[in-house]
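The values are calculated or read from the model by the stated rules, or taken from the named source; none is laboratory data. Small disclaimer: the values here were computed from a predicted structure and weren't measured. When we count neighbours, we look across all protein chains shown, and the Cβ atoms used for this are built from the backbone with ideal geometry, even at glycine.
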Amino acid sequence: MAKSETELFKSLRARGVRKKVAKQVARATSGGGKPKVARRAMADLSSVVGDVSDRLRHGPEKRSTAAKKAARTRKRKAAKRSQSAKRGARTRART
């Protein structure tokens, strides 16, 4: 491994990346390995970062709850409109 590879490897290891993945990423970024491996590792790590940040901010959980509440409200309002329309149709049919 070249000096820059070693530094990157050590940096990744210090941040908790597994040895095998850190070695593959370090090689791929210096042009020696497969770039596909580095891209895949980067995507995996960024998705983990996204998940962690969402959990810390209670993001998707809150959005999901709000979306469910909105769906219930729309359903309730639609049922109310439907009942009113049926009542109006019965009234018009009698006259």
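Okay, here's what the table says:
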item: Filter result for ARG63 (out of contact with any strand residue (DSSP E or B) (no Cβ under 8 Å at 6 or more places or on another chain), assigned to a helix (DSSP H, G or I), modelled with pLDDT of 85 or more and not acidic (Asp, Glu)); result: no
item: Only one of SER64, SER53 that is among the polar types (S, T, N, Q), under 37 Å from the mean Cα position of the chain (by Cα) and under 30 Å from ALA22 (Cα atoms); result: SER53
item: Test: residue in segment 45-63 that is among the aliphatic types (A, V, I, L, M) and either touching a residue at least 12 places away in the same chain (Cβ under 8 Å) or surrounded by 11 or more Cβ atoms within 10 Å (Cβ to Cβ) (or both); result: yes
